[in-house]
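Here the structure comes first, spelled out in C-alpha cells, and everything after it is commentary.
The values are calculated or read from the model by the stated rules, or taken from the named source; none is laboratory data. Owing to the predicted nature of the structure, the values given are computational and were not obtained by experimental measurement. Neighbour counts are summed over all protein chains in view; Cβ atoms, including those assigned to glycine, are modelled from backbone coordinates with ideal geometry.
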Amino acid sequence: MGNLLKDKVALVTGSGRGIGRGIALLLAEQGAKVVVNDLGGGVDGTGDSATPADEVVNQIRANGGEAVANYDSVSEMEGGENIIKTALDNFGKLDIVVAVAGILRDRMLFNMTEEEWDAVIAVHLKGTFTVCKAASILFRQQRSGRIITFSSTSGLFGNSGQANYGAAKDGIAGFTRAVARDLGRYGVTVNSISPGANSRMTQTVPQSARDIRAASGMQASASAVTPLELNREPEDVAPMVAWLASDEAKDVNGHVFHCQGGQISLMSNPTEERTLRKNGRWTVAEIDAMFSGTLGMDMVNPAPAQSPK
Amino acid sequence: MSNYLDGKVAIVTGAGRGIGAGVAKQLASEGAKVIVNDLGATLDGDGTSNTPAEQVVEEIKSSGGEALPNFTDISTMEGGESIVQSALDHYGQLDIVVTVAGILRDRMIFNMTEQEWDDVIRVHLKGTFTVCKYASILYRQQRSGRIITFASESGLIGNTGQGNYAAAKSGIAGFTKVAAKDLGRYGVTANSICPRANTRMTQSVPDSSRQLRADRPEDRETAPPVDQMEPEDIAPFVAYLASDQAADINGQTFLVYGGVITKLSLPRRIRTIFKQGRWDVEELRNLAPQHLTQNLVNPSPPQQPK
C-alpha cells in the first residue's frame, strides 16, 4: 500500500463503477479512508441499488483499506450534505471530494425532452454543487481541502446528441474555475478532470445514443478510433486524481486536465485566438467587409449544411 | 437603416434593458421584425414589469422598425414554446433567436443557498435550452436558422462569488457547441458571445455582490474599466452573426466589447505527459510537478487568517 494519502479521508461520488470505482480503490490503496457513494442506478439514471457501492467497499476492505458505503442521491442538497456527514460520522474528518456521479440521456436537441435535460443537469451539475457546497463550509473552517470535479470533452468541444451532457460538463468546468477562486485563499484547491475511458457509460451506449448515431451515420466520438482509445481503462484516470488530492499538489488550483490511458494533458481555457479592433462602434457592413479576411480565416464549420436526403 | 436582416424575424430574450435591448434595436434597424422579450424583473430576478420590453418596442417603432413586446418567463418549457409560437402567430416565421436573459445571485460557494443556485441556472441555462429547443424543431424543418447565446468570461476564467453564474454561463457555452453540431447540417448556425459592457448587471451590483466585495477588496475584478464599453457595442456583431453572410460561422465563441471582436479558441492540450499503460502514483509524483504543473499560477493563493 502506498502512503501518498495517509491519514486522509475522501469521498467519491459515483464510485460504484467505472472511473469512480477506480478512483475509490486507488485513494484507499494510497492510505485514504473512503466514502464510496453510488445510487446504483442505470446509465440513464433509472433505478437504484446498494450493490455497486457495497462491492467496492468490500474490495477496499479485502485489500486492507478502510471504506464505508453511501447511497444518497447527489442531486439533492440533503444528499450532498449527508455524504459529507457520512465521512464525518465514520472517519471524523474530510479532506478530499471527488465528484464523478453522472448519467447519460443522449438526444438530438430538437427531440430532447424536458425530463432528459433536467435529469442530466441534476445529477452532473447540481450533483457537483451539492457536494462541493457542503464540503466547502468544512474546508473553509479547517483551511485545507481538495475538490476534483469531472468535466468532459463533450462539454469542452461539444458532441452531437449531447446538448444536456455538454451543458452540464462545460458548466462543471466553469463552476470549478469560479470555486477555485472562492476557496483558494483557504488553502483549498479545486480542479477538474476531463476523462477518456471505456466504461459502462461509453461502451454500453444507451439505446437512444445508438439510434441517433445509426440514423445520422455519426460515430460515437469525433475522431477515428486510435490505439489509445481502444486501450483506455477507467482505472487509468485515477493516478492523476490521487496526485491532485495530495498535499504535493497544493499549488495546482483552477485547472482542467484531460486523462486518457497513459496520456495526461493540462488543458488551456478558451483564449484569444484572433482579434479585430476599431475605435468606436462597428457597423454591420464594416464587419461584413472585414470578417472573412481576419477572424474568419481558417474557420471551420464543424457541421456544414447538407442537402436533404 | 441598413438591410442585412430584411425579411427576417427574430426573438431576443432579456431585451428590455442593457445588451438585450441593444441587440433588439440593432436587429430591427437591419430590417428584422423583433419579438422583444423581457420579464421585467430586478437584477436578482424578483418581480415582473411590462415596462422595459414596451419601452424598447416604442423606441424601435419610432425609428421606423417593427417589434412586439413579450413578457413570457422563458425559463419554462411552456414559456420557450409559447415565445416561438408567438413569432409564428404574429409574423409567420422565425429566423433568429438571441438568448440574453439572465440574473445575478452572487454568493461565495460556502454560503450559497439552493435557491441562489437554482434560480441562476434556471434563468440562464434552462432559459437558453427552452427557446432553442423549440426553435430548433422549426429550424430543422425549414433548413435554416440562427442561434446566438450569451456565455461569459466569468465561466471561462472564474470570478469569485459566482459559482452559480459561472456554471450557468459555461453550461451555455457547452450547450451552444453541441447545438452547432446537432443543427449545422440543416443550415443552422449556433454561436456564443462573451460580452463586456457597462450595464445594470455590472454597475448596479446586487446587494449580495456589494457585501461580498466590500468584505474582500482584493477580489475586485481586474478586468479593464467597463465605463467605456456600452451595451450597444455588442449588437452589431450579433446582427452580423444573425445574417445570411454568416452562414458558415458555426460553433464559435466570441469575446465582444467596445470596438473589439475576438475569436476565442477551444480548449487545447498545452502540456502532455505520456506513457504506455497506466501511470504509477510514484512516477506521477515526480513527473507532474516537473512538467505538467510546473510554474502554474494559483489564481487564489492561500492567505493567513485575519
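Would you call residue A:176 more than 7 Å from every other protein chain (Cβ to nearest Cβ), touching a residue at least 24 places away in the same chain (Cβ under 8 Å), part of a strand (DSSP E or B) and closer than 21 Å to residue A:251 by Cα?
no
Six or more apart or on different chains, Cβ under 7 Å: which pairs go from a residue in the stretch B:102-119 that's over 22 Å from residue B:202 (Cβ atoms) to one that's polar (S, T, N, Q) and in a helix (DSSP H, G or I)? Could you list them?
B:110/A:136
Of everything in the stretch A:131-154, what is within 7 Å of another protein chain (Cβ to nearest Cβ) and under 23 Å from residue A:38 (Cα atoms)? Give them in sequence order.
A:132, A:133, A:136, A:137
In the stretch A:117-130, which residues are farther than 12 Å from residue A:169 by Cβ and either within 9 Å of another protein chain (Cβ to nearest Cβ) or touching a helix residue (DSSP H, G or I) at 6+ places or on another chain (Cβ under 6 Å) (or both)?
Within the stretch A:117-130, A:117, A:118, A:126, A:129, A:130 qualify.
Would you check if residue B:155 is in a helix (DSSP H, G or I), modelled with pLDDT of 95 or more, closer than 27 Å to residue A:299 by Cα and touching a helix residue (DSSP H, G or I) at 6+ places or on another chain (Cβ under 6 Å)?
Against the criterion (in a helix (DSSP H, G or I), modelled with pLDDT of 95 or more, closer than 27 Å to residue A:299 by Cα and touching a helix residue (DSSP H, G or I) at 6+ places or on another chain (Cβ under 6 Å)), residue B:155 does not qualify.
Any residue that is surrounded by fewer than 24 Cβ atoms within 10 Å (Cβ to Cβ), outside any helix (DSSP H, G or I) and within 14 Å of chain A (Cβ to nearest Cβ) - is there at least one of those in the stretch B:77-97?
Within the stretch B:77-97, not a single residue is surrounded by fewer than 24 Cβ atoms within 10 Å (Cβ to Cβ), outside any helix (DSSP H, G or I) and within 14 Å of chain A (Cβ to nearest Cβ).
Which of the residues belonging to the stretch B:27-36 are within 14 Å of chain A (Cβ to nearest Cβ) and either of a type in the set (A, V, I, L, M, F, W, C) or in a loop (DSSP other than H, G, I, E, B) (or both)?
B:27, B:28, B:30, B:31, B:32
For the stretch A:278-294, check the following and say yes or no: at least one residue is at the interface with chain B (Cβ under 7 Å from one of its Cβ atoms) and farther than 30 Å from residue B:234 by Cα.
Within the stretch A:278-294 (the criterion being at the interface with chain B (Cβ under 7 Å from one of its Cβ atoms) and farther than 30 Å from residue B:234 by Cα), the answer is no, since none of the residues qualifies.
Tell me which of these residue A:252 doesn't satisfy, since it passes every other one: (1) crowded, with 22+ Cβ neighbours inside 10 Å; (2) over 18 Å from residue A:139 (Cβ atoms).
(2)
Determine which member of the set A:106, A:170 is acidic (Asp, Glu) and more than 9 Å from every other protein chain (Cβ to nearest Cβ).
The match here is A:106.
For the stretch A:109-129, state whether one or more residues are assigned to a helix (DSSP H, G or I), under 18 Å from the mean Cα position of the chain (by Cα), among the aliphatic types (A, V, I, L, M) and over 24 Å from residue A:180 (Cα atoms).
Yes, because at least one residue in the stretch A:109-129 is assigned to a helix (DSSP H, G or I), under 18 Å from the mean Cα position of the chain (by Cα), among the aliphatic types (A, V, I, L, M) and over 24 Å from residue A:180 (Cα atoms).
If the requirement is being aliphatic (A, V, I, L, M) and either closer than 23 Å to residue A:283 by Cβ or touching an Asp or Glu at 6+ places or on another chain (Cβ under 6 Å) (or both), which of these qualifies: B:249, B:273? Spell out the reasoning first.
On the way: B:273 fails: either closer than 23 Å to residue A:283 by Cβ or touching an Asp or Glu at 6+ places or on another chain (Cβ under 6 Å) (or both).
Going through B:249, B:273 in turn, the sole match is B:249.
Looking at B:24, B:15, B:41, B:10, can you tell me which residue is touching a strand residue (DSSP E or B) at 6+ places or on another chain (Cβ under 9 Å), in a loop (DSSP other than H, G, I, E, B) and closer than 18 Å to residue B:127 by Cβ?
Result: B:15 is the single residue among B:24, B:15, B:41, B:10 that is touching a strand residue (DSSP E or B) at 6+ places or on another chain (Cβ under 9 Å), in a loop (DSSP other than H, G, I, E, B) and closer than 18 Å to residue B:127 by Cβ.
Check whether at least one residue in the stretch B:231-252 is at pLDDT below 95 and surrounded by 13 or more Cβ atoms within 10 Å (Cβ to Cβ), and report yes or no. Before the answer, list the steps.
The first filter runs over the stretch B:231-252 and keeps only residues at pLDDT below 95, leaving B:231.
If we keep only those that are surrounded by 13 or more Cβ atoms within 10 Å (Cβ to Cβ) too, we end up with B:231.
Scanning the stretch B:231-252, I find at least one residue that is at pLDDT below 95 and surrounded by 13 or more Cβ atoms within 10 Å (Cβ to Cβ), so the answer is yes.
Listed here are the residues, each with its yes/no results for (1) more than 7 Å from every other protein chain (Cβ to nearest Cβ); (2) within 26 Å of residue B:94 (Cα to Cα).
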site	(1), (2)
B:139	yes, yes
B:146	yes, yes
B:156	no, no
B:169	no, yes
B:173	no, yes
B:178	no, yes
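Select from the stretch B:260-306 the residues that are in a loop (DSSP other than H, G, I, E, B), surrounded by 17 or more Cβ atoms within 10 Å (Cβ to Cβ) and in contact with a strand residue (DSSP E or B) (Cβ under 6 Å, 6 or more places away or on another chain) and list them in ascending order.
Selection gives B:267 alone.
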